[in-house]
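The values are calculated or read from the model by the stated rules, or taken from the named source; none is laboratory data. The model shown is predicted, which means the values in this text are computed figures rather than measured ones. Please note: Cβ atoms are built from the backbone with ideal geometry, for glycine as well, and neighbour counts cover all protein chains shown. Heavy atoms of the whole protein, side chains included, go into the accessibility calculation; ligands, DNA and RNA do not. Shrake-Rupley method; radii C 1.70, N 1.55, O 1.52, S 1.80 Å.
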Amino acid sequence: MRILYHVPDPNSTGADRWIYEGWKHAFLDLGHQFFELTEGDELEEKIRKTKPDIFWTAINKISVSEGKKILRKIRAQGIKVFFMVDWPIKEEEIRTIRTEEVADIFFGEREPESMAEFISTTGRAYHLIPNAADRFYHFPVDPVKKYQYDIVYLGAYLPKKKQFFEEVLFPLAKRYKVGIFGPYWTVKDNFLRVSQRIVRALKLKRCAGFLNRLRVVIPSEEENLLYSSARIALNFHEREKDGSQPHHILNQRTFKIPACGGFEICDEVPALRKYFTEDEMVTAADKNDWFSKIDYYLTHEENRKKIQEAGTRRALTDHTYHNRVAQVMELYQKIT
């Protein structure tokens, strides 16, 4: 199988990069051919050169209303278009999806119960393909001294998570040995981010790639060292756009922490128990619950280890990109 995967910037520091790498590693490991469509490529030329069986793109990369002609042309060649969607989307996009044959499969990381309006307004089926762990990077290893923290958090400093940082993460840093890693946390990183945008606008790819590498505090190949060495790893999701409830998308961190041999405490995302039982992952409901659970599991190593081992087994058995590729292949068979 030949896959053409749309990733404008394969070297970014955002989630898109790590998700892209997970898919790439799994497809290649399973014997498929994998090609990238980047911001410097012309789509039709890339299609001619790679002759893919699947073109994989997303609504934040191609507007269906503006790109409907090229998408129809691609499908006319027998190429199956896997189109990732979110919700809500613009009315013109809804109208195009409803009336034009622009994709063979509409899918996303968002749980189906939050996509009911997409299904009803477009008349199209929606397929859940969740995030996952990357077996190339995410597996248990022996602890190392440099990452032996009581608590770690690896993620961007995002405004949507400000309440969690102020109410939970920062107070914990006053009581325990806490490691905080990721983009936007330092003046240096924000300066590099602005510089990166400038050089990308000037189309200086090599310079942009160099700046991206400078911004990666924890290299991909050391994530498992971080999570295997720390006693507790925290995971907190963005809120929905109205701020009323947790996201209906389980982030990649949900799966990669246990896959790396880490013990995860996660916020109470509605869909979490579809993937991990109470014996496989601990959740926290509010500020007091976070502190209570953290205090308990820092002082009850045997219980912590038991849950961690069960979570690791579940993640590596059911929730890697190898599992997700198998799901993609099943979908492909149904439409060919």
Length gain on complete extension for the stretch Ile335 to Leu30, per 0.36 nm per residue less the alpha carbon to alpha carbon distance?
107.7 nm
What one gets for segment 9-102 as the Kirkwood radius, inverse of mean 1/r over different Cα pairs in Å, is 14.5 Å
Only bridges whose two residues both fall in the chain count here: according to DSSP, what percent of them are antiparallel, nearest 5?
5 percent
Computed over the Cα atoms of the chain, what is the ratio Rg over Rh, Rh following Kirkwood?
0.97
So for the chain, taking the charge dipole from beta-carbon charges (+1 Lys/Arg, -1 Asp/Glu), which of Tyr296, Ala230, Met84 sits furthest toward the positive end?
Met84
Once every DSSP H run of n ≥ 4 in the chain is given -39500 (n - 2.57) and the sum is divided by its residues, what mean residue ellipticity at 222 nm do you get, rounded to the nearest 500 deg cm²/dmol?
-13000 deg cm²/dmol
With a probe of 1.4 Å, find how much accessible area the chain has per residue, and write the answer as a whole number in Å².
48 Å²
Accessible surface of the chain, 1.4 Å probe, proportion on carbon and sulfur as whole %
50 percent
About the Cα centre, charge dipole magnitude for the chain (Lys/Arg +1, Asp/Glu -1 at Cβ), debye:
1080 debye
Area of Ile218 that stays accessible when all protein chains are in place (1.4 Å probe, Å², to 10)
20 Å²
Multiply the residue separation of Lys287 and Asp53 by 0.36 nm, subtract the distance between their alpha-carbon atoms, and state the gained length in nm to one decimal.
79.4 nm
What is the sum of charges around Lys49, taking Lys and Arg as +1, Asp and Glu as -1, for the other residues whose C-beta is under 15 Å from the C-beta of Lys49?
-2
Just list whichever of Lys69/Lys256; Lys24/Lys287; Lys80/Lys274; Lys68/Lys334 have alpha carbons separated by over 32 Å in the model shown.
Lys69/Lys256; Lys24/Lys287
DSSP loop (so not H, G, I, E, B), at most 10 other Cβ within 10 Å: list which GluC sites (Glu not before Pro) in segment 1-96 pass both filters.
Glu42
Using a simple spin-label model with points 7 Å from Cα along the Cα→Cβ vector, what separation in nm is obtained for Ser65 and Glu117?
1.6 nm
In segment 290-322, which residues have a backbone nitrogen under 13 Å from the label point lying 7 Å from Arg175's Cα in the Cα-to-Cβ direction?
290-299
